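The values are calculated or read from the model by the stated rules, or taken from the named source; none is laboratory data. Note that the coordinates shown come from a computational prediction; the quantities given were computed from them, not determined experimentally. With ideal geometry, Cβ positions are generated from the backbone for all residues, glycine too; neighbour counts draw on all protein chains shown. Quick note on the areas: whole protein, heavy atoms, side chains included, nothing else; ligands and nucleic acids left out. Shrake-Rupley method; radii C 1.70, N 1.55, O 1.52, S 1.80 Å.
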Amino acid sequence: MTGCNLLLAVEDELSAAVMCKLAQATGRGFVITRIMNAGGCGQLKAGMAKFRTACHVLPHVVLTDLDQYPCPPALIAAWKAKALPPRLLLRIAVREVEAWLLADRDGIANFLSVAKNKVPRYPEAEEDPKRTLINLARKSRRRRLAIELVPETGSSASIGPLYNVRLSEYVTTNWDVERARTASPSLDRALSRLASFMLVP
């Protein structure tokens, strides 16, 4: 089934940009009719029961970060998401969606204006990919970008004031999904599953 409508349920603006890019990369002509920004994984977990019902009206794709769960099966078990309807797709970024961005080493190095050898080769092995990305941004030769991505010293914020905006722009315009999937198994699986989602067996 090509060109079908989808609802995306995500944790934040950056995850929304990533899922829109993946939907486009499948070449399936998906139409994103609604994006539900849950503002964190807690609301996504709480909404799974509702998604099971609502997906019969409009197919749902849910993206969450693995975060502190030891592995995707542990998250799936905790979310009671082992047996989902065929119109509901759950994908998990290991450990955070930022790992998927870091997996395109050429792209992220160019965007942040840092040396490519500073970008980890195995981003899914990073304990905190968001922190890794922010620490790379601290070293950026683009001082304005660093200010936008990195939280101010002494601030309680975990990200800079335009973190989601600037990284979403990067995803939309310069992130190379095909390069990234070669260094990120969870991204590769997500793209493959999305490419076959809603296809008649």
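Quick one: in the stretch 82-183, what % of C-alpha pairs are over 19 Å apart?
So the pairs more than 19 Å apart make up 43 percent of the total in the stretch 82-183.
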_Against the 2.2 N^0.38 Å scaling, with N counting residues, where does the chain land? I'd like the Cα-based Rg ratio to two decimal places._
1.01
_For the pairs Lys50/Lys82; Lys21/Lys116; Lys21/Lys45; Lys82/Lys130; Lys118/Lys139, flag any whose C-alpha to C-alpha distance is greater than 21 Å._
Lys21/Lys116; Lys21/Lys45; Lys82/Lys130
*Give me the Debye-computed log₁₀ of I(q)/I(0) at q = 0.11 Å⁻¹ for the stretch 36-123, equal point scatterers on Cα only, no solvent, two decimals.*
-0.40
*asked:* Between Ala157 and Leu199, how high is the FRET efficiency from 1/(1 + (r/R0)^6) when r is the Cβ-Cβ distance and R₀ = 35 Å? Nearest 0.05.
replied: 0.25
*If ligands, DNA and RNA are left out, what is the accessible area of Glu127 with a 1.4 Å probe, given in Å² to the nearest 10?*
140 Å²
*For Glu169, Glu98, Glu124, write out the residues from largest to smallest accessible area, computed with a 1.4 angstrom probe and no ligands counted.*
Glu169, Glu124, Glu98
*Show that you can apply the helix-only estimate: for the chain, add -39,500 (n - 2.57) for every DSSP H stretch of four or more residues, divide by all residues, and state [θ] at 222 nm to the nearest 500.*
-13000 deg cm²/dmol
*Picking from Leu14, Leu84, Leu63, which is most flexible by a Gaussian network model of the chain using Cα springs under 10 Å?*
Leu84
_Leading residue at positive end of dipole, the chain (Cβ point charges), from Gly3, Ser15, Ala54_ = Gly3
*Provide Thr173, Thr64, Thr153, Thr132 ordered by accessible surface of protein heavy atoms (probe 1.4 Å), highest first.*
Thr153, Thr173, Thr132, Thr64
*Once the piece of chain linking Thr173 and Ala78 is laid out straight, how much longer is it, given 0.36 nm per residue of separation minus the C-alpha distance between them?*
30.7 nm
*asked:* Using a 1.4 Å probe on the protein heavy atoms, what percent of the accessible area of the chain belongs to carbon and sulfur?
replied: 52 percent
